[in-house]
Amino acid sequence: MNIDLNKIKLLLLDVDGVMTDGRIVYLNDGGEAKAFDVKDGHGLKLIQRAGMRVGIITGRHSEVVARRAAVLGFGIVYQGAKDKLK
């Protein structure tokens, strides 16, 4: 199967286990921590510069995810998406 990559206009990514190593650290103050790889972020910025839109769709709610999306300039962030195909 040949795919014309020039036809792809949007890349939507899950977060846990895709943009992170899958670990979630719960903090004493009720917050949470996730580790994002800076090289992945660089690659996603290169994809954006090539003209593709990039966004996040995740089943959980997290301020950490919102911050990472803002840093990377993602205009699309869906949190709490129980049915990601909708």
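Within segment 12-23, how many residues are surrounded by 14 or more Cβ atoms within 10 Å (Cβ to Cβ) and of a type outside the set (D, E)?
The total comes to 5.
Just for segment 37-85: of the residues that are part of a loop (DSSP other than H, G, I, E, B) and among the hydrophobic types (A, V, I, L, M, F, W, C), which one is surrounded by the most Cβ atoms within 10 Å (Cβ to Cβ)?
Applying the filter and picking the extreme gives F74.
Residue by residue through segment 1-36, note down the ones that are small (G, A, S) and either in contact with a His (Cβ under 8 Å, 6 or more places away or on another chain) or part of a loop (DSSP other than H, G, I, E, B) (or both).
Across segment 1-36, the qualifying residues are G17, G22, G30, G31, A35.
Table: residues versus (1) without any contact (Cβ under 8 Å) to a residue 24 or more places away in the chain; (2) among the basic types (K, R).
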residue: V15; (1), (2): no, no
residue: G30; (1), (2): yes, no
residue: V38; (1), (2): yes, no
residue: R49; (1), (2): yes, yes
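Where a number appears in this text, it was derived from the coordinates with a stated rule and is not lab data. Note that the coordinates shown come from a computational prediction; the quantities given were computed from them, not determined experimentally. Virtual Cβ from ideal backbone geometry, glycine too; neighbours counted across all protein chains shown.
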